[in-house]
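The values are calculated or read from the model by the stated rules, or taken from the named source; none is laboratory data. Computed from a predicted structure; not experimentally measured. Here Cβ is always computed from backbone atoms with ideal geometry, including for glycine, and neighbour counts include all displayed protein chains.
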Amino acid sequence: MTAFVTLEDSPMFRKQIYSLEQTTDELKDRCHKFHKGCKRFMVSLGEAYYGDLSFADSLEAFGAGQDDPVSVAIGGPVMSKFTTAFRELGSYKELLRSQVEHMLSNRLMQFMNVDLQNVKDCRRRFDKASAGYDQAREKFMSLKKATRVDIVAELEENLQNSKSAFERCRFNLVNALANVEAKKKFEFLESISAVMDAHMRYFKQGYELLSQMEPFIHQVLTYTQQSKEMVNVEQDKLEKRIQEFRTQSELANLRSSSNMQATTSGDGLNIIGLSSYKNIEALMQSTANGEVQIIKQGYLLKRSSNLRGDWKRRFFVLDSHGTLYYYRDKWSKQPGDDNIGFHTVDLRTSTIKIDAEQTDLRFCFRIISPAKTFTLQAENEVDRMDWVEKIRGVITSLLNSTLSNQLSSGGLDMDSHSFADANGADAHLLEESTSTKGYDNISKILRRIPGNDACAECGAPDPDWASLNLGILVCIECSGVHRNLGVHISKVRSLTLDVKVWEPAVVDLFCALGNAYCNSVWEELLLFQGQRIDVPNVDGPSVKKPTPKDAISRKEKYIHSKYVGKSLIVRETSQSELPLVTIRIWQAIKTNNVQIAYRLFVASDAFPNTIYDEVNSELYHISDTPMHKNNGSTERKQFDPALCQKIKDSGEPESCLDGCSLLHIACHVGDPVMLELLLQFGADINFQDFHGRTPLHHCICTKNNSLAKYLIRRGASTSAKDGGGFTALERAMELGAITDEELFILLAGR
């Protein structure tokens, strides 16, 4: 949410209000379009529900549940169970439609009709109060010195009431905009997440229903197998053609990938108060070549230099470089133009006088220079004297300072100076540029790894596809089989097309593993009994390692048995002469042994989110760890790491490992390759230790900026707070200035 740097009414404040209103209007348009799409989605779900019922009725009319000769010949009695299942699935779909309507469609309407409409209403009241305030101020400021006291008091009271109403409406508008800015951070994500959860439950219910029918379905399939044997050869050919077609489609889709960019912005003013000439002169000398600081700023009435001599309200700023400039009330409303135009008053050749040429006007003073005379009017006497005193101090300092020549030659750059624009071209820091030639070399690098010159499954030469989480290279035909296993088993990527995948950590992980080592784990039984020797499978038939010329169906059977059934693995068991698996995996991470960690994850029940408490009974906080129940489950309260005595005594944030996961330990080791291995095997990147610190917190506390940036790019949450209520960015700021600009952008950008 865009933060209001100052709540003082100014052109910059009005500019920011206008920008937020523009964002709100755009958000409203998006909500309308999204709501229309949501309604169409609900209509499609309703149509699908009635379609399911219609299909079930048609199936029943076709022959399900009937015992006439035609129905029996086509399997009608068998289809009756399928008819019941389709009706049940249709009821799940109707439940999903009602959940989408309640959790998304209704909430969208509530957001548009209440929150966004409130912004419009507040803006209308603000404009009305602003007009009333301007009228009251003009009446009050136009009073002459001879005006009766009772009239002055009445108009002054009217001015105060108008100002109070104006401020109330202004802050109501600020609150309405802030409410929208705050809600859009969670409102839509919460609704969409609830819809996705409803989808998950919908598919889970369908899966459970069909799982109960699975034995029956298998019986039906066994019955129909006899009628399929005559066409198996043709089916294999057709299946191969389909697989080739799907592979070509995947290649076409991968060529259309696009890059993402991130931007960041910020602004600020430092306002100080000074009263004496000496203080002003000291400040101007100290900031002559440094950061500009504001001596005074605020609204003044300025008399126009035209023939009418009308008065215009302008916002004046006096800075420590001896420059007085003022902003107009209007600014550019063109998209992308954040500059606010201003004009400069040259104080080096100016003098100041109290009162205007017309002696009957109150609270006036003039700034007289050879080029122009500025007649200004403050809102009260105190404000006028404060402006006069500070401007005189600046003029005196400019005349007495030895830096006068430098200021006259440097000055303020009117063409490029802007207080509103703090946006930079920082988005390129979030994306590394890569060349095609560099990624051509990746395939050569990976194929030089032992065993990577051939497909890990069938031995085909020069594989150009990879499984990221398995650490192997496969040919294009086997890659299609791997893709059908699902991403929870194998994440298939191309060596040449998926250029953004091959970050240094991923390449180093493949270099640490390779086909030869990975197959020594996944095919260890084959290695014991000799290459291409039959090995009993849990399902009955034997498993033989395929060759490049074997049919795709044979490769599918082998790969499915290898990775889904894990029938060729020699299981790691807890033996008396060996430590427990949890201890061994913990030691592998501490010693940064990637291969042992890989073997334990594959061949044992090693859990990627194993914590320190499971391998070490001597916990520092075990005596002061209160437990509390939440929804029936027992959870441990998180403690502020700043209050941990162990961390205080050692002076090292990583000294207390209570509640730390394997990923926390890998962050202390400092090797991104081990981090990548853990993440590929499902480690929780936002796991919190006893003190509520995520792995990102640990990297920040140990000043390992490179790993911190790597974790953020891999999806680490920058908004997660530790036991002390601090995010990783706030902990980094505690350690001092953040000199790594890319790290700062990443920490502040999520």
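Points to keep in mind about this one:
- Of all residues making up the range 185-222, the number that are within 22 Å of LEU95 (Cα to Cα), charged (D, E, K, R) and within 32 Å of the chain's Cα centre (by Cα): 4
- Residue that is farthest from PHE744 (Cα to Cα), among those in the range 649-698 that are more than 24 Å from the chain's Cα centre (by Cα) and hydroxyl-bearing (Ser, Thr, Tyr): SER650
- Qualifying residue in the range 141-149 (condition: more than 30 Å from TYR18 (Cβ to Cβ) and surrounded by 12 or more Cβ atoms within 10 Å (Cβ to Cβ)): yes
- Restricting the range 281-302 to residues that are over 41 Å from the mean Cα position of the chain (by Cα) and of a type in the set (D, E, K, R), the residue that is modelled with the lowest pLDDT is GLU281.
- Selection within the range 18-73 - hydrophobic (A, V, I, L, M, F, W, C), surrounded by 12 or more Cβ atoms within 10 Å (Cβ to Cβ) and at pLDDT 80 or above: LEU20, LEU27, CYS31, PHE34, CYS38, PHE41, MET42, LEU45, ALA48, LEU53, PHE55, ALA56
- Test result for LYS555, in the same structural domain as ASN515 (by TED's automatic domain parsing), at pLDDT below 85 and within 30 Å of GLU234 (Cβ to Cβ): no
- Candidate set: the range 211-250, residues that are modelled with pLDDT under 65 and in a helix (DSSP H, G or I); chosen: the one surrounded by the fewest Cβ atoms within 10 Å (Cβ to Cβ): MET230
- Of the residues making up the range 642-657, those that are closer than 16 Å to ARG731 by Cβ and outside any helix (DSSP H, G or I) number 4.
- Long-range neighbours under 8 Å by Cβ, at least six apart or interchain, first residue outside the structural domain of LEU468 (by TED's automatic domain parsing) within the range 580-603, second part of a helix (DSSP H, G or I) and hydroxyl-bearing (Ser, Thr, Tyr): TRP586/TYR612; GLN595/TYR517; TYR598/TYR517
- Elements of the type strands (runs of 3 or more DSSP E) sitting completely within the range 441-502 and holding at least 3 residues that are at pLDDT 90 or above and under 26 Å from GLY682 (Cα atoms): these cover 465-467, 472-474.
- In summary, LEU679 fulfils each of the numbered conditions (1) out of contact with any helix residue (DSSP H, G or I) (no Cβ under 6 Å at 6 or more places or on another chain); (2) modelled with pLDDT under 90 with the single exception of condition (2).
- Failed condition for ASN609, given (1) at pLDDT 80 or above; (2) in contact with a Gly (Cβ under 9 Å, 6 or more places away or on another chain); (3) surrounded by 15 or more Cβ atoms within 10 Å (Cβ to Cβ): (3)
- Of all residues in the range 138-164, those being closer than 17 Å to GLU379 by Cβ and either in contact (Cβ under 8 Å) with a residue 40 or more places away in the chain or not charged (D, E, K, R) (or both) number 16.
- Subset of the range 716-742 (residues that are surrounded by 21 or more Cβ atoms within 10 Å (Cβ to Cβ) and in a helix (DSSP H, G or I)): ALA728, ARG731, ALA732
- Only one of the numbered conditions (1) within 17 Å of ASN380 (Cα to Cα); (2) touching a helix residue (DSSP H, G or I) at 6+ places or on another chain (Cβ under 9 Å); (3) in a helix (DSSP H, G or I); (4) not charged (D, E, K, R) is not met by ASN118, and that is (1).
- Qualifying residue in the range 127-149 (condition: of a type in the set (S, T, N, Q), at pLDDT below 85 and in contact with a Gly (Cβ under 6 Å, 6 or more places away or on another chain)): no
- Selection of the range 121-149 for residues being of a type in the set (A, V, I, L, M) and part of a helix (DSSP H, G or I) yields ALA129, ALA131, ALA136, MET141, VAL149.
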